[in-house]
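Asker: If you scroll down you'll find the structure; I have some questions about it.
The values are calculated or read from the model by the stated rules, or taken from the named source; none is laboratory data. Everything quoted here is computed from the prediction, not taken from an experiment. Cβ: placed from backbone, ideal geometry, glycine included. Neighbour counts: every protein chain shown.
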């Protein structure tokens with residue numbers, strides 16, 4: 001199972017569990033493993049009962065089968081359009097009408113695709129994505145009556161295709177399908193064209209009511225430039241003039257004319273139709289594969305933040321929480337409970353808009369963790385203090401900067417801008433300590449914790465560097 005499939009499976013588990021990771025899984029004894037590795041292992045364990053990967057494999061097969069069916073239909077349509085052209089034109093075919101009939105719609109479609117592709121999410125949020133999803137859903141309801149047997153079939157269906165057809169993944173996936181369908185169309189048209197030319201005798205002509213003969217000669221020379229470079233026999237000036245409607249050709253010249261114009265038409269479809277679509281198909285396939293490798297989970301979301309507290313809690317506290325044990329606390333000085341991701345021994349402490357009580361707890365933590373840095377601790381509460389810190393942060397020698405903030409505060413844009421300014425000024429590692437006084441309602445704490453994780457992600461602070469500092473219940 002690739003990393004993308006593992007992460008997709010984890011998203012499936014999140015869909016099943018909804019807002020809270022409540023399903024029980026075997027305890028994973030991997031102390032040194034990262035949080036993501038732990039949650040991926042947990043997803044594998046839960047998949048044995050939930051059978052999510054089996055459904056996702058089914059959805060992938062459904063996608064491939066439907067796109068293959070559409071490709072066959074477009075191939076037949078391309079072949080049929082050539083047959084229709086020959087039946088309508090008879091023994092004389094207007095060369096530019098035949099070429100334009102295939103090239104101009106393709107060129108317009110290519111321009112529309114390029115415009116949508118360059119608009120980031122416009123392609124994956126457009127009619128093609130909705131139409132594809134409609135096809136998948138219709139096929140499931142029509143040909144898979146067993147779909148409702150799985151209790152989470154439709155939520156997982158929505159989860160899978162939301163990932164596959166949205167964002168950058170959707171942009172490359174839908175682009176790949178677009179070029180695949182056009183390639184099938186041109187392939188069918190080219191094959192049928194070769195068959196029709198091999199079994200029918202037709203003369204290629206050009207005709208006009210408003211354009212001059214020089215215009216058609218120039219167009220033909222432009223069209224024949226690349227085929228001529230590749231060694232394909234192309235019409236010369238005399239042959240172009242002789243192919244005008246009403247021109248009289250001797251039998252030998254007529255046979256040569258048919259051969260030359262046929263070669264140009266076939267090579268034009270190959271060079272200007274099949275080749276660009278094939279190259280774009282390969283490019284989109286490559287970009288799709290690379291984007292799947294870069295696909296990542298939104299670990300700052302509420303669900304994953306709660307799951308982190310279960311699998312790899314990064315919590316520290318000072319002293320003993322129970323106020324009834326004050327006598328024991330007096331006999332045994334407060335100690336620091338070590339988080340799973342420890343702070344460096346020497347760090348630069350910064351308190352950000354803390355209350356007096358919170359700042360006292362912050363001082364206790366700094367005194368215990370890095371006492372020689374206690375004198376550097378300051379509470380940044382106004383714009384002037386922020387500017388002073390921004391100037392000072394460039395010259396610090398410590399290995400890390402620890403930002404003390406209160407978990408109860410809702411992180412806003414102003415705070416995000418300030419912290420991003422700090423992280424961009426230096427390559428020093430940053431840590432975020434969330435001071436939890438135990439005063440928040442349990443139903444709100446997970447959302448607020450997620451808000452801080454999202455701020456850290458936007459400010460380029462590793463999520464592993466976020467530590468929850470519990471201070472509630474301490475005697476002042």
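Asker: Among the residues of region 438-459, which ones are out of contact with any helix residue (DSSP H, G or I) (no Cβ under 7 Å at 6 or more places or on another chain) and outside any helix (DSSP H, G or I)?
Answerer: Looking only at region 438-459, we keep the residues that are out of contact with any helix residue (DSSP H, G or I) (no Cβ under 7 Å at 6 or more places or on another chain), and these are 438-439, 441-445, 448, 451-452, 454.
Hits for region 438-459 are 438, 439, 441.
Asker: Outside the structural domain of residue 36 (by TED's automatic domain parsing) and closer than 25 Å to residue 306 by Cα, is that true of residue 422? Talk me through it step by step, then tell me what you get.
Answerer: Details: outside the structural domain of residue 36 (by TED's automatic domain parsing): yes; closer than 25 Å to residue 306 by Cα: no.
Criteria not met by residue 422.
Asker: If you don't mind, there's one more thing I want to ask. So which of 23, 55 is at negative phi and crowded, with 18+ Cβ neighbours inside 10 Å? Can you show your working first?
Answerer: Values: 23 fails: crowded, with 18+ Cβ neighbours inside 10 Å.
Only one candidate qualifies: 55.
Asker: Filter region 429-441 for residues that are free of Cβ contacts under 8 Å to residues at least 60 places away in the same chain and either touching a strand residue (DSSP E or B) at 6+ places or on another chain (Cβ under 8 Å) or within 22 Å of residue 342 (Cβ to Cβ) (or both) and give the result. Don't jump to the end; show me each part of the working.
Answerer: Our first condition is that a residue be free of Cβ contacts under 8 Å to residues at least 60 places away in the same chain; within region 429-441, this holds for 430, 432, 434, 436, 438-441.
The answer is 430, 432, 434, 436, 438.
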